[in-house]
Amino acid sequence: MILLNFNLYNSILFAGILQGLLFALVILLNKKYKNKSTLCLAGLIASFSLNNLQFYIADIGLIDSEFFYDYVFTPWCLIIPSFFYLYIAKSLYPEKKTSFRQKLLFVPFFVGFFLSTTYKILIGVDCDKQSVLNVFYGIPNLIEFVAILFNQIVYVVLYFRIRNFEKANSHYTHDTLRIKLTWLRQLIAFLFGLTFIWLYLMLKTVFTDTEVNFYPLWIGISFVTYWLGYVGIYKFGIIEERKKLKKYGEQTQPVYTIVEKQKSSHITAFEQLIVAQKRYRDSNLTLDRIADELDLSNSYLSRIIKAELGVGFVDYVNTLRVEEAKQYLLNPEFSNYTLVSIGIEAGFNSKSAFYSSFKKVTGQTPSDFKKAHQNLS
């Protein structure tokens with residue numbers, strides 16, 4: 001009778017595996033997620049989960065170490081950076097086709113898969129095991145070390161690619177959907193840190209006779225699958241909603257809050273820039289940037305805005321954003337959209353800023369405003 005080794009750590013590991021595989025299935029089976037970036041996300045999450053699953057089976061004692069490496073071990077760790085790179089590439093540049101160089105990222109996995117499969121076949125057809133071991137000795141450890149280096153290189157490349165993308169898209173344009181990628185940079189930094197834990201554990205395995213505990217690495221990967229699953233799917237939903245909101249917003253007339261009195265040429269130019277061109281939808285909009293574009297000092301521009309429009313720059317811009325958000329909230333087409341996507345597309349940089357400004361302008365929260373007008377319709 002086999003006595004299985006269940007404990008708190010491998011229970012957490014198993015929960016992460018189930019969760020990851022469930023996320024991957026949801027993405028693959030749901031039509032609304034049929035997108036190149038989300039398909040790569042599904043592949044990434046599934047790879048993390050399958051990699052942990054094979055070690056989980058061995059850790060609980062369902063199979064012994066010899067059987068694991070003879071018949072089970074698959075180098076999923078070599079395909080993880082490939083899917084991760086493509087997921088980010090397709091998220092940043094969805095219109096671009098997969099290049100030949102990007103396809104080459106899968107070569108390490110296929111080489112590792114070929115070697116491990118060849119070993120399994122030779123063992124399975126009753127070849128002399130010692131002869132096979134003489135040829136393939138150390139291959140699993142070599143695959144792990146190659147995977148560590150491969151992951152580290154890809155994470156560094158992706159980190160700087162994201163930084164460059166953010167710099168290139170730092171200025172507001174009507175036809176560009178700016179997305180915040182802070183969570184991805186944080187995820188990459190976390191994964192990069194995990195590779196050093198992985199490296200330490202592998203070095204300890206190879207060069208010492210002590211039993212090595214891989215739980216910190218496996219549980220870290222379980223956390224990543226949770227992070228990728230929930231946040232990745234959530235962010236995808238927000239982006240898809242914002243695309244439709246942006247298209248609708250570009251087709252509607254600008255939101256005007258015009259004070260009926262004679263204005264100076266500077267304020268006329270200011271309103272033309274902020275209102276007519278809908279620059280209030282830029283979440284990074286600042287008084288300094290507008291003053292530079294109008295070739296004015298920020299202190300002078302601030303004074304004339306207050307004097308002629310009766311409000312400060314921030315309140316003026318936020319009022320326009322609230323009016324924009326109202327259009328989305330009142331439109332039945334967007335009744336199921338998240339308030340986060342509505343607030344961000346209106347120009348606010350966070351949900352809390354949206355709620356605070358909306359209540360200041362209307363006396364209601366966005367959700368209360370939405371419910372009140374739904375009841376009237």
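The values are calculated or read from the model by the stated rules, or taken from the named source; none is laboratory data. Please read all numbers here as calculations on a predicted model, not as lab measurements. Using ideal geometry, Cβ is built from the backbone for each residue, glycine included, and neighbour counts are taken over all protein chains shown. Just the protein is used for accessible areas: all its heavy atoms, side chains included, with ligands, DNA and RNA removed. Shrake-Rupley method; radii C 1.70, N 1.55, O 1.52, S 1.80 Å.
Quick notes on this one:
- Candidates LEU191, LEU142, filtered to the one that is of a type in the set (A, V, I, L, M, F, W, C), within 28 Å of the chain's Cα centre (by Cα) and within 28 Å of GLN102 (Cβ to Cβ): LEU191
- Taken over region 154-179, residues that are in contact (Cβ under 8 Å) with a residue 40 or more places away in the chain and either closer than 26 Å to GLY249 by Cβ or among the hydrophobic types (A, V, I, L, M, F, W, C) (or both) amount to 11.
- All positions within region 1-17 that are loosely packed, with under 14 Cβ neighbours inside 10 Å and part of a helix (DSSP H, G or I): LEU8, SER11, ALA15
- Scanning region 318-355 for residues that are among the charged types (D, E, K, R) and farther than 20 Å from ARG178 by Cβ yields GLU323, LYS326, GLU333.
- Residue in region 305-312 that is touching a residue at least 24 places away in the same chain (Cβ under 8 Å), closer than 20 Å to ARG178 by Cβ and not hydroxyl-bearing (Ser, Thr, Tyr) present: no
- Evaluation of SER116 against (1) closer than 27 Å to TYR200 by Cβ; (2) modelled with pLDDT under 95; (3) open to solvent by 30 Å² or more (accessible area, probe 1.4 Å) (one fails), failing number: (3)
- Scope region 60-100; condition crowded, with 19+ Cβ neighbours inside 10 Å and among the basic types (Lys, Arg); matching residues: LYS90
- Scanning region 174-220 for residues that are within 27 Å of ARG242 (Cα to Cα) and outside any helix (DSSP H, G or I) yields a count of 8.
- Looking only at region 283-311, and only at residues there that are outside any loop (DSSP other than H, G, I, E, B) and of a type in the set (Asp, Glu), the one that is surrounded by the most Cβ atoms within 10 Å (Cβ to Cβ): GLU308
- Here GLY229 clears all of (1) modelled with pLDDT under 90; (2) in a helix (DSSP H, G or I); (3) more than 19 Å from SER82 (Cβ to Cβ) except the condition numbered (3).
- Every residue from region 146-161 that is open to solvent by 60 Å² or more (accessible area, probe 1.4 Å) and closer than 22 Å to PHE73 by Cβ: VAL146, LEU149
- Scan of region 318-366 for residues that are more than 18 Å from ARG242 (Cα to Cα), open to solvent by 10 Å² or more (accessible area, probe 1.4 Å) and in a helix (DSSP H, G or I), ordered by number: ASN318, THR319, SER356, SER357, LYS359, LYS360, VAL361, THR362
- Taken over region 32-47, the criterion of being farther than 20 Å from TYR155 by Cβ and open to solvent by 10 Å² or more (accessible area, probe 1.4 Å) is satisfied by LYS32, TYR33, LYS34, ASN35, LYS36, LEU39.
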